[in-house]
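A quick write-up on the structure given underneath.
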Amino acid sequence: MGISIAVLAAVLLFVAIVVWVKSTMAEQGQPFASGASLKREDEVEAGCPAQFVTQIFAKKDLEYVSGLGSPHLEKFFQQERKSVALFWVQQTSAQIRGIMRAHLQASRGSSDLELSTEAGILLRYGGLQLLCGVLFVSIALAGPQGLQGLAARADAWAQRIREAQLGFHAAKETGRIHGV
Amino acid sequence: MSATVRLVSVQDAYDDLLQRTLSRIPCEFGRLIYLASTRDYNSGTYHHEGLAARFQADTARKALEIAHRQIFYAVSAYSLEHLARELETYLQTSRENPDEFLRAWQKLEPYRVAIPLEANPTIARLFLSNIRLALAILRFRREGHPTLP
């Protein structure tokens with residue numbers, strides 16, 4: 001009994017991750033969704049400001065809409081907010097994947113890599129992708145409200161990876177200037 | 001021209017834009033739509049005759065672009081309740097028939113042009129979603145039942 005539940009849970013998790021990966025890939029093919037049509041390097045690379053992430057996952061707007069007393073409006077709100085939240089998760093995941101790709105390329109040409117730093121970045125990247133997967137499935141199943149803490153953590157991790165990448169670039173540039 | 005002088009003149013043009021033009025528009029949402037309307041649909045560049053005459057065309061363009069971006073982010077950060085109020089004020093000042101206005105906005109989505117060219121994609125999506133919701137709320141208030149897009 002216990003084994004069959006574990007197998008079922010594993011299958012469900014696998015299906016959820018496949019759906020998430022496929023939707024992320026599909027999203028990358030859409031010019032608007034990938035941000036290509038609205039892209040400005042510094043802004044896109046900086047990610048969505050934390051204030052807006054909080055807003056997407058907050059309960060305040062839902063409480064306001066619920067107070068209007070229309071189940072249809074409430075359902076419409078849930079659909080809209082869910083769509084924005086899923087988009088944010090996909091954007092964050094895709095952006096961090098891009099940063100890691102660029103980081104790996106840059107690392108190949110670097111002779112003074114620190115193994116512990118690289119392992120730390122890789123672990124953080126893996127953790128963030130897992131968190132994005134969990135967020136995606138949770139939002140799809142239950143909506144973004146109530147996931148504010150998890151979203152804030154994902155946002156903070158993504159920010160740390162961005163900063164680590166900036167630091168890596170800065171160190172590389174400094175090395176180049178000093179002829180290292 | 002040095003970078004400092006250039007920055008100062010952009011700041012002057014920006015202040016001028018706020019004082020002479022934007023302060024006359026009664027709501028932030030109206031200012032956003034106005035600023036978006038100063039942008040050429042084909043090239044994406046901003047133009048304001050009066051501002052360009054007082055300052056250089058390039059300086060005026062930069063000031064318009066900055067003002068557009070700032071107001072866009074401010075409006076995008078509004079709670080839904082605040083945005084619905086803003087949209088209602090905008091509707092009232094437009095002097096259009098409210099029912100026709102709401103129907104046209106839900107169908108044609110003209111507010112899409114209010115997004116600056118370089119906006120963060122998630123914020124752009126949140127903005128569009130919030131406008132759709134605010135329109136549905138205003139229509140619900142008028143008709144007593146929701147008319148969704």
* With (1) outside any helix (DSSP H, G or I); (2) within 28 Å of residue A:87 (Cβ to Cβ) as the list, and residue B:74 as the residue in question, which single condition is left unmet? -> (1)
* Filter pass, residue A:118 being facing chain B (nearest Cβ under 10 Å), over 22 Å from residue B:121 (Cα atoms) and assigned to a helix (DSSP H, G or I) -> no
* Asked: Within the bounds of the stretch B:90-97, is there any residue that is touching a strand residue (DSSP E or B) at 6+ places or on another chain (Cβ under 8 Å), more than 18 Å from residue B:127 (Cβ to Cβ) and away from every other protein chain (no Cβ under 14 Å)?
  -> no
* May I ask you to say which residue of A:129, A:79, A:51 is part of a helix (DSSP H, G or I) and within 9 Å of another protein chain (Cβ to nearest Cβ)? => A:51
* the stretch B:110-139, subset within 14 Å of residue A:65 (Cβ to Cβ) and more than 7 Å from every other protein chain (Cβ to nearest Cβ), residue surrounded by the fewest Cβ atoms within 10 Å (Cβ to Cβ) -> B:138
* Would you mind stating whether residue B:136 is in a helix (DSSP H, G or I) and small (Gly, Ala, Ser)? => yes
* For residue B:31, are the conditions met, namely being assigned to a helix (DSSP H, G or I), touching a strand residue (DSSP E or B) at 6+ places or on another chain (Cβ under 8 Å), farther than 27 Å from residue A:57 by Cα and not hydrophobic (A, V, I, L, M, F, W, C)? -> no
* Asked: Of the residues A:105, A:129, which is of a type in the set (S, T, N, Q) and either modelled with pLDDT of 90 or more or within 17 Å of residue A:157 (Cβ to Cβ) (or both)?
  -> A:129
* Structure fact -> Residues of the stretch A:44-57 being modelled with pLDDT under 95 and touching a Pro at 6+ places or on another chain (Cβ under 9 Å), in sequence order, are A:44, A:48
* Look at residue B:64 and say whether it is more than 26 Å from residue A:77 (Cα to Cα) and in contact with a His (Cβ under 7 Å, 6 or more places away or on another chain). => yes
* Can you name the residue in the stretch B:58-85 that is away from chain A (no Cβ under 14 Å) and under 16 Å from residue B:33 (Cβ atoms) and, of all such residues, is farthest from the chain's Cα centre (by Cα)? -> B:64
* Is there any pair with a first residue in the stretch A:150-170 that is among the charged types (D, E, K, R) and at pLDDT 85 or above and a second that is surrounded by fewer than 16 Cβ atoms within 10 Å (Cβ to Cβ) and in a helix (DSSP H, G or I) whose Cβ atoms are under 6 Å apart and which are 6 or more apart or on different chains, and what are they? -> A:155/A:50
* To do: Name, by its number, the condition in (1) over 13 Å from the mean Cα position of the chain (by Cα); (2) modelled with pLDDT of 95 or more; (3) under 30 Å from residue A:93 (Cβ atoms) that does not hold for residue B:102.
  => (3)
* For residue A:98, are the conditions met, namely being closer than 25 Å to residue B:130 by Cβ and either within 14 Å of chain B (Cβ to nearest Cβ) or surrounded by fewer than 20 Cβ atoms within 10 Å (Cβ to Cβ) (or both)? -> no
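The values are calculated or read from the model by the stated rules, or taken from the named source; none is laboratory data. For clarity, every value in this text was computed on a predicted model and none was experimentally measured. Glycine gets a Cβ as well: all are built from the backbone with ideal geometry, and neighbour counts include every protein chain shown.
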